[in-house]
Amino acid sequence: MKRIFRSTKIVITFAVLILSSCATPSNVGCPSFGSGKVTKSKKYKSGISTFKIRKAFALNTGSKSKREKISRPNFVDNHFEGLGVVELDLLASNKEIDSHDFFLSNLIEQNHRHENKVENLRKLNLDKKIKIINTTSYLSLNEVFEKKETLNTIQDALNHKKSRRKGAILKGGAIILMALLAGISIPVLGTSTASIGLVAILFLDVLISIGIIRYYRNEKPKLAKATGYLRLIYSAIFGVGIGYHMLGNVAMFNKFWSLGLIAFGIHLVALGILFNNEGGKKWVNYTIKSLLIIAGIGYMLLNVGLLFTANPVAFTALIQPVFIVPQILGEILFALWMILKGGRIKEQ
């Protein structure tokens, strides 16, 4: 019986193998019994697992074939145990990771945008600088030299304005100081005090002459030089008279002084023509100009009469009251104008 059972088992096994080879999911079918055609059964298409049939007919249930062990490894079952819990945990962690990644990606994107803006601004500024350099590079040498000369001209004008203002203050102060010294020295002629005062007046006259030439040299250079030189001529003649005064000869001093005052009168007339209020009120301009010219005429007439008339005392008594006010106010107002306003004109 054992042999029959074993042989039966072998026959059944071969039959199952034959059927399993025909029941594969391939497109090749087995020939049907009773016909020479090849057909394909739906069951054949779906496929019957040889492994299942062999398992069903296996008598020794306790043992497993090598194919079962290979096809169904243990780690697959362990991997899929508790699949739902694992999937929920993975989804939750993925959401958290996605939120953190989204936040970090926003920060990174903002940083990139900021860096791009900074880079674009830097490039824009660099392009502007390059354009400025390129535009200036197209300038010809003549244009560059012209611009340089223009800047030098403006700088010279500003420097001249500053020096002109200082010169005006010095000139006005010198005239007032000279008037004070004259008021001290003239009444005490023949003394050493008078000699010291007259020397100081001579020195101030020279400074005023140079200051007038420098102050008006850009407006009316020829007239400015003539005005200054006339006062220098007066100073030279006055210096000779001071020499006689130091020697004790007051009469010769008076003669040379009167001769010098004729040149001084011409100087005042030229100064009145040269004077300009420089944009100020017209009545101030006309007043100072008129006083200087009248004072100059008075000095000329009075000293010509003293030198060449038969009765100089009577001539002086007749002429001096007419010109005494212009002679005092002319130079004093001119000096005050120089101190307060001289050189303040806006120059372009």
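The values are calculated or read from the model by the stated rules, or taken from the named source; none is laboratory data. Here the structure is a predicted model, which means the values were calculated and not measured. We place every Cβ from the backbone using ideal geometry, glycine too, and count neighbours over all the protein chains shown.
The figures follow:
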read-out	value
Where a residue in the range 158-180 is over 24 Å from L329 (Cβ atoms) and its partner, wherever it lies, is of a type outside the set (D, E) and at pLDDT 90 or above, with Cβ under 7 Å and at least six apart	R164/Y215
Matching entry among G342, G305, G296 (being under 30 Å from R164 (Cα atoms) and either in a helix (DSSP H, G or I) or over 47 Å from the mean Cα position of the chain (by Cα) (or both))	G296
Filter result (out of contact with any Ser or Thr (no Cβ under 8 Å at 6 or more places or on another chain) and buried (at least 16 other Cβ atoms within 10 Å of the Cβ)) within the range 274-286	F275, N277, N285
Residue that is surrounded by the most Cβ atoms within 10 Å (Cβ to Cβ), among those in the range 222-273 that are under 28 Å from M338 (Cα atoms) and in contact (Cβ under 8 Å) with a residue 60 or more places away in the chain	L268
Any chance V322 is in a helix (DSSP H, G or I), in contact (Cβ under 8 Å) with a residue 12 or more places away in the chain and farther than 30 Å from G167 by Cβ	yes
Single match in A314, A335 (criterion: of a type outside the set (V, I, T), more than 55 Å from the chain's Cα centre (by Cα) and in a helix (DSSP H, G or I))	A314
The range 286-326: number of residues that are among the polar types (S, T, N, Q) and within 16 Å of W257 (Cα to Cα)	2
Flag for F264 being more than 58 Å from the chain's Cα centre (by Cα), part of a helix (DSSP H, G or I) and not small (G, A, S)	no
Test: F275 is in contact with a helix residue (DSSP H, G or I) (Cβ under 7 Å, 6 or more places away or on another chain) and at pLDDT below 95	yes
Condition broken by I176, with the remaining ones in (1) modelled with pLDDT of 60 or more; (2) among the β-branched types (V, I, T); (3) more than 30 Å from R217 (Cα to Cα) satisfied	(3)
